[in-house]
Amino acid sequence: MEMKKHLLAKGTRFETSYFVIHGKSKGKTMMITAGVHGNEIASILAAERLVGLLEKNRLRIEKGTLIVVPLVNRQAYKLRIRGNPDLNRTFPRSDKDKASHRLSVELFQLAKQYRPSWYVDLHEANGLSNINPQRLGQTLIADPKSAAIPAIKRIVAHLNRPIVQKSRRFTVRLQNLLGSGRHAAYHLLKANAVTVETCWSLPMSTRVSFQMKILNDILAEANLINTKA
Ligand SMILES: [Zn+2]
């Protein structure tokens, strides 16, 4: 396994690190982003923990390539705000459209360079989707015709099995969100694009742990790692 650190938006006030990890053998490419919204802390902590595990060799990418951008919007994170404008509405909406924020321009360029077959964007949201279907907390989201749907249904089933409190169980949500990183990766790069949303009102350690489990399952689904935890 080979891991290298790089800088996105280098030399600008948006500069942030990303990591490229190559497995021992060829396989699929996955891109993981967190901190597109600066106040969704558990997703950022999970992405940073993932990078830490990889650095310490406690998690190994066996096949393929993983790209991790653990904290996309540092400016928003400093202020613990979602970000203004909302970065997740600034990605290209069609093949004629262009990203309209320095960070979405650079992120989408990185995605175009690697052409990931999986694009995983980590977020957090209000509410519990299993209690209130209007809410996005505890969901995995894909576009309605996404090839990722069977995999995310399997992941949600696996995730929910040990969850005793029904309210905390995850649901699958299918929606188009124009301008989002997920939609751009799905629509323009034909990636299996997934948004992960944990619920803000749960304890931080629970949210980070859910995010980690989901990452582990997605990495296993794409065969970048060997086993499901
Ligand atoms: Zn978000």
- prompt: Is at least one residue of segment 106-121 without any contact (Cβ under 8 Å) to a residue 24 or more places away in the chain, out of contact with any strand residue (DSSP E or B) (no Cβ under 6 Å at 6 or more places or on another chain) and among the basic types (Lys, Arg)?
  reply: no
query: Restricting attention to segment 86-98, does a residue exist that is open to solvent by 30 Å² or more (accessible area, probe 1.4 Å), assigned to a loop (DSSP other than H, G, I, E, B) and farther than 21 Å from ALA184 by Cα?
result: no
query: So which pairs qualify, if the first residue must be in segment 162-173 and touching a residue at least 12 places away in the same chain (Cβ under 8 Å), the second must be assigned to a strand (DSSP E or B), the Cβ gap must be under 6 Å, and the two must be at least 6 apart or on different chains?
result: THR171/THR139; VAL172/LEU140; ARG173/THR139; ARG173/ILE141
query: Considering only residues of segment 113-123 that are of a type outside the set (A, V, I, L, M) and within 16 Å of the ligand (Cβ to nearest atom), which is nearest to the chain's Cα centre (by Cα)?
result: ASP121
statement: Of the residues in segment 101-113, those that are touching a helix residue (DSSP H, G or I) at 6+ places or on another chain (Cβ under 9 Å) and either part of a loop (DSSP other than H, G, I, E, B) or crowded, with 19+ Cβ neighbours inside 10 Å (or both) number 6
task: Just give me the residues in segment 72-116 being closer than 27 Å to HIS22 by Cα and hydrophobic (A, V, I, L, M, F, W, C), in sequence order.
output: VAL72, PHE91, LEU103, VAL105, LEU107, PHE108, LEU110, ALA111
query: Out of segment 51-90, which residues are of a type in the set (Lys, Arg) and closer than 12 Å to GLU40 by Cβ?
result: ARG80, ARG82
message: Looking at VAL51, VAL68, VAL72 in this structure, which one is closer than 23 Å to PRO203 by Cβ and in contact (Cβ under 8 Å) with a residue 12 or more places away in the chain?
response: VAL51
query: Could we say that ASN126 is open to solvent by 50 Å² or more (accessible area, probe 1.4 Å) and within 13 Å of the ligand (Cβ to nearest atom) here?
result: yes
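The values are calculated or read from the model by the stated rules, or taken from the named source; none is laboratory data. No experiment lies behind these values; they were computed from the predicted model shown. So basically every Cβ, Gly included, is an ideal-geometry build from the backbone, and we count neighbours across all protein chains shown. Just so you know, the surface numbers come from the protein's heavy atoms only, side chains and all, with ligands and any DNA or RNA stripped out. Shrake-Rupley method; radii C 1.70, N 1.55, O 1.52, S 1.80 Å.
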